[in-house]
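S.K.: The following block contains the structure, expressed as structure tokens.
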Amino acid sequence: MSASLERALAGGREFYATQGANVGDLDLSWVVRDTPASQPSTFRHQGNLPPLPLPSLEDTIERFLKTVRPFARDEAAMARVEEKARVFLGSQDAARRQRRLATLASVESRGRPF
């Protein structure tokens with residue numbers, strides 16, 4: 001076992017090695033998931049914090065594209081992902097989902113979980 005993997009496992013993380021795990025045009029060979037044994041006291045006041053602002057859909061898509069770029073197999077694959085994101089951004093479904101998120105954020109900011 002590699003030293004970095006041993007350190008990660010000692011820190012409470014699980015590594016899932018998947019061969020050929022691909023999502024569309026993205027290569028996701030390794031996935032890391034944090035699995036804390038218990039919630040640290042750091043988060044005990046989480047409910048007292050003000051809500052985070054809801055980012056615009058355009059900002060979300062831009063961040064998504066920056067995030068997935070390193071996983072694209074080549075520029076053609078990234079171009080396909082960018083085109084799909086552009087089509088989604090202009091869709092009625094995207095607008096409907098953003099409105100729903102805004103509604104949920106509004107409800108949560110009044111102290112009621114969604």
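S.K.: Give me the pairs, please: first residue somewhere in the stretch 84-100 and farther than 16 Å from Val68 by Cα, second residue anywhere and of a type in the set (D, E, K, R) and in a helix (DSSP H, G or I), beta-carbon distance under 9 Å, and either six or more positions apart or on two chains.
M.R.: Pairs found: Leu89/Glu58.
S.K.: Condition test on Arg7, is it modelled with pLDDT of 95 or more, in a helix (DSSP H, G or I) and surrounded by fewer than 13 Cβ atoms within 10 Å (Cβ to Cβ)?
M.R.: no
The values are calculated or read from the model by the stated rules, or taken from the named source; none is laboratory data. If you're wondering where the values come from, they're calculated on a predicted model, not measured in any experiment. Reconstructed Cβ throughout: ideal geometry from the backbone, glycine too, with neighbour counts over all protein chains shown.
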